[in-house]
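This report refers to the structure that appears directly beneath it.
The values are calculated or read from the model by the stated rules, or taken from the named source; none is laboratory data. Keep in mind it's a predicted model, so treat the numbers as computed, not measured. Here the Cβ positions follow ideal geometry from the backbone for every residue, glycine too, while neighbour counts run over all protein chains shown. Heavy atoms of the whole protein, side chains included, go into the accessibility calculation; ligands, DNA and RNA do not. Shrake-Rupley method; radii C 1.70, N 1.55, O 1.52, S 1.80 Å.
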Amino acid sequence: MSSPKLFPIIDSHIHLFAQSHLPRLSWAGSLPDDHVLKRGNTVSVYKEATAGTAPLAGFVFLETDRISGLSDDQWEDALAEAEFLSRIAQGRPSEGEGHEAGDSKLCLGIVPFAPVPAGPAALARYVGRVWDLYPDDYKDKVKGFRYLLQDKPPKTMLQPDFIAGLQWLGQNNLSFDLGVDARSAGLFQLEEACTMMDQLYSTGSTLRIVINHFCKPNLQLPESEASEDHPEFSQWKEYIEKMATHKSTYMKLSGFFSELPPQSVDEPASYATLIARLQPWISVVFKSFGPSRIMFGSDWPVCNVGGPGPAKSWQHWHGLVTTILSDLALSDADLARIWNGTATEAYRITY
């Protein structure tokens, strides 16, 4: 039997931070000292986690929810993160940051924080300050921006300034990463996201919206209840299908481990067991978006939360996705889209 064809992998969703950055992360203070995320998660650690996997072309960095706000005097930590990624992209390591000059080739795209609800004028000032951190040859590394919505109050996405901010991103050929949380925050976030998309695209905007982690559905529903007969699943499905009607939207196949029951380091859950649980959600997304608008992402190092430990979680996630795609019997063209082509298109990547 011949070996499966290997495709270059673009990991479309990772986070990076050094140990010294932890005090500036909005969520780090709430974690116990022995938490799997309460440590430096740098490029060097990422390379160890991914070592030996079929060819890794590189990664797209997503902002890590640093302490920030909408006004100019609240941007210091977010801009410091953008500068940290500029050093990685340029191959200019600074002591203690956990990367080296040769790692620049792995950094294919950067998606920093942006104060989108502040409106176009403030957004333009902020993005200008980000671009000032990147020499001309590296400005194109900044592919888009994210304003994390999963912990924000209702109606945030429906504010006129938020919609106008999204329009500004689209006009400047930048993408927007949509991070909402159906399980922990509530399905209302998905309803608002659908309304926001309707309003945005009715203006003629061509903004590329990259949806994170299947919108974090309730993957802990019993397998017997994950069907259209269950109101929570049915509502999630309806919203996913509505998002997919907009042809400038993309979906990340990512983020499952932190939403599932924790796995044992010594005996990780089998791929068959995981797929049996995940199949209803996978089926909806693949039917709605199709392989041409789905991209692989690991959500590293968050995949270590619920995954079988830092030494195994990335590899276990990669193996699970490989098995999912094999079971779907996709064409080589479809597989290439998921492993690298969709991310290349959504984030305007060259490598």
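Numbers at a glance
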item	result
Most fluctuating residue given options A89, A333, A28, as computed from a GNM of the chain linking Cα atoms under 10 Å	A333
For L56, residues with placed amide H under 5 Å, excluding near neighbours	I9
FRET efficiency, S71 to K47 (Cβ-Cβ, R0 35 Å, nearest 0.05)	0.40
Helix-derived mean residue ellipticity, 222 nm - over the chain, DSSP H n ≥ 4, -39500 (n - 2.57), to 500	-10500 deg cm²/dmol
Paramagnetic reach from W131 (point 7 Å along Cα→Cβ, amide N under 17 Å) across segment 156-182	165-176
Net charge dipole size for segment 9-347 [Lys, Arg +1 and Asp, Glu -1 on Cβ; Debye, nearest 20]	520 debye
Sulfur and carbon atoms: percent of accessible area, segment 9-347 [1.4 Å]	50 percent
Set of aspartates and glutamates with alpha-carbon distance to K143 below 19 Å, sequence-local pairs under 8 removed	D11, E63, D65, E81, E83, D103, D132, D177, D299, E345
Residues of type aspartates and glutamates that K237 reaches as a straight line, Cα spacing below 19 Å, ignoring anything fewer than 8 places off in the same chain	D181, E191, E192, D198, E223, E225, E228, D229, E259
List Y134, Y147, ordered by accessible area with a 1.4 Å probe, largest first	Y147, Y134
Residue-normalised accessible area of segment 9-347, given per residue in Å² at a 1.4 Å probe	38 Å²
Where labels lie 7 Å past Cα in the beta-carbon direction, separation of R348 and E232 in nm	4.0 nm
Cα centroid separation, segment 323-346 to segment 227-287 (Å)	17 Å
Over 29 Å between alpha carbons, listed pairs K139/K216; K105/K252; K152/K247; K242/K312	K139/K216; K242/K312
Accessible surface of L174 - all protein chains present, 1.4 Å probe, nearest 10 Å²	0 Å²
Top of A182, A272, A226 by mean-square fluctuation, Gaussian network on the chain, Cα under 10 Å	A272
Mean-position separation - Cα centroids, segment 87-126 and segment 133-173, in angstrom	14 Å
Pairwise label distance in nanometres, D34 with E241, each label 7 Å out on the Cα-Cβ vector	4.7 nm
Amide hydrogen neighbours beyond the local backbone of S175, cut-off 5 Å, H modeled	G144, F145
Per-residue SASA entry for D136, accessible area with 1.4 Å probe, Å² rounded to 10	130 Å²
Percent antiparallel among DSSP beta bridges (both partners in segment 9-347, rounded to 5)	10 percent
In range of the label at S184: residues from segment 282-321 whose backbone nitrogen is under 16 Å from the point 7 Å along Cα→Cβ	299-307
